[in-house]
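The values are calculated or read from the model by the stated rules, or taken from the named source; none is laboratory data. Treat the numbers as computed from the prediction; the structure is a model and nothing was measured. Cβ sites come from the backbone with ideal geometry, for glycine too, and all protein chains shown count toward neighbours. These area figures cover heavy atoms from the full protein model, side chains too; ligands, DNA and RNA do not enter into them. Shrake-Rupley method; radii C 1.70, N 1.55, O 1.52, S 1.80 Å.
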Amino acid sequence: MIAAVEKQDVDGLMLLVDDRVLVDFGGGEGKDAFRSAWGVGSAGPSKVWDELKEVLSLGCALRDSVAVAPSFPSQLNPDADMFESALAVHPGALVRDKDGKALGKLDWEVVTVIELPEQGDARIKLADGREAYAAASDLRSAADYRLTMERKSGAWKITAFVAGD
């Protein structure tokens, strides 16, 4: 899969996509839905390559014969709200108070999200309960895109590539 992503090999990727791949939680499934949702094989560039590259770079967890990437959402406390949890994906991510004073750094830590804009600073709660700010680009929501793969007929197949819950 990594080779297909690096080469942006549409045919190689589609060989890995299961016939019933889940594309969204609104009923979107199947290879045609995957191609349509991601613009795979269309004239313009597809965002699927960047999303897959990022997801795969964050590690994989194997649970009950299902591979999940990134691994951290599957490692959250079962009581944690995935929409309120984020991982600091850039080691050494700076954490600041509301006045911009440095409070420390995050190294692969899970934080509670109070507000996560697409750009700028995210308002977060640290493990010790303090509110702080970090660059939104340094965080990845547990509800962001997740890839699941399962062995089918002896080969790993992408069975879902979804965001949300």
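Structure notes:
- Residue list for region 118-154, restricted to those being without any contact (Cβ under 8 Å) to a residue 24 or more places away in the chain, out of contact with any Leu (no Cβ under 8 Å at 6 or more places or on another chain) and among the hydrophobic types (A, V, I, L, M, F, W, C): A127
- Residues that are touching a Phe, Trp or Tyr at 6+ places or on another chain (Cβ under 9 Å) and under 16 Å from L147 (Cα atoms) within region 1-17 comprise M1, V5, L13, M14, L16, V17, listed in sequence order.
- Within region 95-113, considering residues that are of a type in the set (A, V, I, L, M) and in contact with a helix residue (DSSP H, G or I) (Cβ under 8 Å, 6 or more places away or on another chain), the one nearest to P73 (Cα to Cα): V110
- Any hit, region 33-53, residues being closer than 14 Å to T159 by Cβ and over 16 Å from the mean Cα position of the chain (by Cα): yes
- S153 being of a type in the set (S, T, N, Q) and either surrounded by fewer than 12 Cβ atoms within 10 Å (Cβ to Cβ) or farther than 30 Å from G27 by Cα (or both): yes
- Here D121, D32, D64, D97 are screened, and the one residue that is out of contact with any strand residue (DSSP E or B) (no Cβ under 8 Å at 6 or more places or on another chain), at pLDDT 90 or above and either over 17 Å from A143 (Cα atoms) or among the hydrophobic types (A, V, I, L, M, F, W, C) (or both) is D32.
- Residue in region 134-149 that is open to solvent by less than 40 Å² (accessible area, probe 1.4 Å) and farther than 19 Å from V55 by Cβ present: yes
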